Each structure stands twice: as structure tokens, then as C-alpha cells.
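Remarks on the structure that follows.
The values are calculated or read from the model by the stated rules, or taken from the named source; none is laboratory data. This one's a predicted model, so the numbers in the text were calculated from it and none came from an experiment. Backbone-built Cβ (ideal geometry, glycine too); neighbour counts: all protein chains shown. Side chains are part of the model used for accessible areas, which takes the heavy atoms of the whole protein and leaves out ligands, DNA and RNA. Shrake-Rupley method; radii C 1.70, N 1.55, O 1.52, S 1.80 Å.
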Amino acid sequence: DAKTTQPPSMDCAEGRAANLPCNHSTISGNEYVYWYRQIHSQGPQYIIHGLKNNETNEMASLIITEDRKSSTLILPHATLRDTAVYYCIVRVAVRAYSGAGSYQLTFGKGTKLSVIP
Amino acid sequence: DTEVTQTPKHLVMGMTNKKSLKCEQHMGHRAMYWYKQKAKKPPELMFVYSYEKLSINESVPSRFSPECPNSSLLNLHLHALQPEDSALYLCASSRWQGETQYFGPGTRLLVL
């Protein structure tokens, strides 16, 4: 099961910052938070990930609270092309067939972001 | 370059047909993944290959048979599918299992 909770939908005015919240209250100390987005009928697109510190790249910023129980993805200047479903994912540890430890992404329901002209 | 390619883009098949989906990446990634996505639902993991060996099978029915002939290529062989198997099938790859995954555009499958 996904370890994250996101609002099902949000609207954002074009040109404004889009702030997408995510709760992950059961996250463990070594589990990363990943964000992907999926534009209609396309494959998911990687956006950003982080462990403890805030992260920024050319697409977005990721703000993780000090207790790591929640995070916010920020798209600084939303455009119509940012309309998509945004998935917040906690990467969890799993056991592979070989017995070796590994990690897995389990997608939750995501937030449908609509950017309004 | 973070490109994963998938062919075909669309596939229609009958319940008695045998078909294959193909996924390719040339990023030197050693882990590859198959996901299934039903309409208005999130992607669900099916299989993971690591260094060309099956690492994880999420209890997928045997009518889906994965194959990893080399480090760049991942196939999904389909046989005797049911209409409820109609979905978007997504392939992804990562440097190693558990690292950031990069997805292909998917194959949209319709089983009649």
C-alpha cells in the first residue's frame, strides 16, 4: 500500500506558484520521498526526490518538514503544460528474489492539478 | 538522455492471440520494470529485472511472461489474455534497482 496521502485535486492560476502537499506520517528514517507527474495518457515523468533537506532543480522545489511527516512540491510558475496528475511516493525497502535488499516505488492516487488560464 | 522507448504504441488482440510488448533503453541502466495502469488508476508494479535476472514478480498471472534478453531490452509476452487485462503497460528503467526510474510512453493494450 502507498504510504502517502494527497488531495485528489487542486487548481492553480497560470503564472502562479503551485504548492502540492503530501502527508507521509509513517515514513522511516531512510526512506526517500519521490515526486512524479503524469500528463494524460503519457508515461510518468520524474520530477524530484529528497530525504531530509529541501531540494530544487529546474522543474520544481521539494520542501520536507523537519519531522519528515509531510512535504510540499512547488512549481514556481505554473503553465498550462503543468496540468497533470502528481504522485508523491515514498520509496520503501523490499526483499528481492535473491534475498538482497532493494527499494520499490508504490504509486498512490495522486493529485490532479489543473492549471487555469 | 533519459529515453525509454516502447513498441507498439497501441495493440489490439483477441483472447486467443499471442503478442509481445517491447521496451528498450540505451542509458546503461541495469534495472528494468513493467507496470500496468488501468484507466484513472495509478500504475501498479508487475515485474522487476535487475542485471537481466527477475528480481520481483508481484503475483502476476502466468499469462504475462516477462523476458530480459540483454541489459537494454525488456519484453512482455502476452498469451490468452482477458478483456480485463486491457490497460496501459508502462516500462521503466533505473541505474540500479531502487534508483530513480525513468518511464517510457507506454503501450495501450485492448483485449477483445
### Residue selected from region A:20-68 under the condition away from every other protein chain (no Cβ under 14 Å) and of a type in the set (D, E, K, R), by the criterion least open to solvent (accessible area, probe 1.4 Å)
A:R68
### Query
Of the residues B:Y33, B:Y51, which is closer than 17 Å to A:Y103 by Cβ and modelled with pLDDT of 95 or more?
B:Y33
### Query
Name the residues in region B:8-27 that are out of contact with any Asp or Glu (no Cβ under 8 Å at 6 or more places or on another chain), part of a strand (DSSP E or B) and surrounded by 14 or more Cβ atoms within 10 Å (Cβ to Cβ), would you?
B:L11, B:M13, B:K19, B:S20, B:L21, B:K22, B:C23, B:E24
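Here's the yes/no breakdown for (1) closer than 26 Å to A:H40 by Cα; (2) touching a residue at least 60 places away in the same chain (Cβ under 8 Å); (3) among the aliphatic types (A, V, I, L, M); (4) out of contact with any strand residue (DSSP E or B) (no Cβ under 7 Å at 6 or more places or on another chain):
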site: B:V4; (1), (2), (3), (4): yes, yes, yes, no
site: B:M13; (1), (2), (3), (4): yes, yes, yes, no
site: B:K22; (1), (2), (3), (4): yes, no, no, no
site: B:W34; (1), (2), (3), (4): yes, no, no, no
site: B:L45; (1), (2), (3), (4): yes, no, yes, no
site: B:V48; (1), (2), (3), (4): yes, no, yes, no
site: B:I56; (1), (2), (3), (4): no, no, yes, no
site: B:P61; (1), (2), (3), (4): no, no, no, yes
site: B:Q82; (1), (2), (3), (4): yes, yes, no, no
### Task
Just one of (1) acidic (D, E); (2) closer than 18 Å to B:Y102 by Cα; (3) open to solvent by 60 Å² or more (accessible area, probe 1.4 Å) trips up B:E58, so point out which.
(2)
### Task
Among the candidates B:C68, B:C91, single out the residue that is within 13 Å of the chain's Cα centre (by Cα) and within 13 Å of another protein chain (Cβ to nearest Cβ).
B:C91
### Query
Is it fair to say B:M46 is surrounded by 18 or more Cβ atoms within 10 Å (Cβ to Cβ), in contact with a Ser or Thr (Cβ under 8 Å, 6 or more places away or on another chain) and within 25 Å of A:E31 (Cα to Cα)?
no
